[in-house]
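Student: I'd like to ask some things about the structure below.
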Amino acid sequence: MMDNIPPKVQNQIAQFQQLTQQIQMVTTQKIQLEAQVRELEKTVQELERVTEESAVFKNVGSLLIQVKDKPALITELKDQKETAEVRVKTLDRQDKHLRERHKSLQDQITQALQAPAPAKPAPEVDET
């Protein structure tokens, strides 16, 4: 099947497949970061509801450490959330760019495969 496809189109198909994988990776990363943003938002909301007397802990590696400065922890979590939101926006832009390139390559490949194959020149006949 690939034998009758020109090398240029074969190269475009390989690029198309790479772009497909990149889009999948970016989408997965974006979904994970969006979940992280939601979790951080919920955590901040819960922290803002608890009283000053309540014991608050945070994960540090595999340990839970009691936090004495709740406002500082809330600020830290809000900063993490903001950073994650910026990364989501960056991934959105990257995803858009990849999808545009993907669509363009798809159109080029489709057009190349639908075009009639160039005719082979007829053998020259020596009429002497």
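Student: Given only helices, namely DSSP H runs of n ≥ 4 each adding -39500 (n - 2.57), what is the per-residue ellipticity at 222 nm of the chain, to the nearest 500 deg cm²/dmol?
Tutor: Mean residue ellipticity at 222 nm (helix-derived): -25500 deg cm²/dmol.
Student: Between ASN4 and PHE16, what is the label-point separation in nm under the 7 Å Cα-to-beta-carbon projection?
Tutor: 1.7 nm
Student: In debye to the nearest 20, how big a dipole does the chain give about its Cα centre with +1 on each Lys and Arg Cβ and -1 on each Asp and Glu Cβ? Please report the intermediate quantities before stating the final value.
Tutor: Details: 18 positive and 20 negative charges, 65 e Å.
Approximately 320 debye in magnitude.
Student: How large is the convex hull of the C-alpha atoms of the chain per residue, in Å³?
Tutor: That works out to 144 Å³ per residue.
Student: Using a cut-off of 13 Å between beta-carbons, work out the net charge of the residues near GLN111 (Lys and Arg +1, Asp and Glu -1, GLN111 not included). Before the final figure, lay out each step's value.
Tutor: Values: positive: LYS8, LYS103; negative: ASP107.
Result for the neighbourhood of GLN111: +1.
Student: Using alpha-carbon positions, what is the distance between the centroids of the range 20-67 and the range 94-110, in Å?
Tutor: 34 Å
Student: Read phi for every residue in the range 58-68 and hand back ³J(HN,Hα) as whole Hz from Karplus 6.51 cos²θ - 1.76 cosθ + 1.60, θ = phi - 60°, with x for Gly and Pro.
Tutor: 9, 6, 10, x, 9, 10, 9, 10, 6, 9, 8
Read-outs throughout are calculated quantities, based only on the coordinates presented, and are distinct from any laboratory measurement. All values reported here derive from a predicted model rather than from experimental measurement. Quick reminder, even Gly has a Cβ in these numbers, built from the backbone with ideal geometry, and neighbours come from all protein chains shown.
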